[in-house]
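The values are calculated or read from the model by the stated rules, or taken from the named source; none is laboratory data. What you are looking at is a predicted structure, and each value in this text was computed from that prediction instead of being measured. Because the Cβ atoms are built from the backbone with ideal geometry, glycine has one as well, and the counts that use them run over all protein chains shown.
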Amino acid sequence: MADETVATNREARHNYHILESFEAGMALQGAEVKSLRDKKANLKDSFARIDEDELFIFNMHISPYPQAGRFAPDPKRRRKLLMHRSEIRKVLVQLTQKGLTLIPLKVYFKNGRAKVEVALAQGKKLYDKRDDIKRRDSDRDLRREVRGKE
């Protein structure tokens, strides 16, 4: 069964150097799963943090499911991410290094279960972002020239 992508964090690769990524399950309430299947999620400004040896995602917006009525959970509540304890410890050791943070890259369904791809990342400086833009523009111009000569 193919992965079904629900939401991606498009700003992540622009604002951060991605060092390593991990897959984690998500502990969700029933109506949240239905909203995710309708692709009603947003990862903008979301981040992950380890509290008391457990991994949580903050500021991930999942729109309330209309048929849930008054039982719909808070759209921006913190949600527990499910990873093996050894993986969480490995991430915790790396997070203690200066300047590293844990950000979600995408939310998707794999074999019917909601998963989130989180990454260890280091913030980019303004000049790094400018270099990336220059490189992308020059690559695009080069592809244009090659395509024009054929």
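Kindly indicate whether R85 is at pLDDT 90 or above, surrounded by fewer than 18 Cβ atoms within 10 Å (Cβ to Cβ), closer than 20 Å to S21 by Cα and charged (D, E, K, R). Yes; evaluated as a whole, the condition is true for this residue. Of the strands (runs of 3 or more DSSP E) lying entirely inside the range 36-133, the ones with 1 or more residues being under 18 Å from R10 (Cα atoms) and either without any contact (Cβ under 8 Å) to a residue 60 or more places away in the chain or among the aliphatic types (A, V, I, L, M) (or both) are found at 47-51, 54-58, 100-110, 113-123. The single residue among A72, A68, A121 that is under 17 Å from L28 (Cα atoms) and either of a type in the set (K, R) or surrounded by 17 or more Cβ atoms within 10 Å (Cβ to Cβ) (or both) turns out to be A72.
For the condition modelled with pLDDT of 85 or more, among the aromatic types (F, W, Y) and within 29 Å of K125 (Cα to Cα), Y108 does not qualify.
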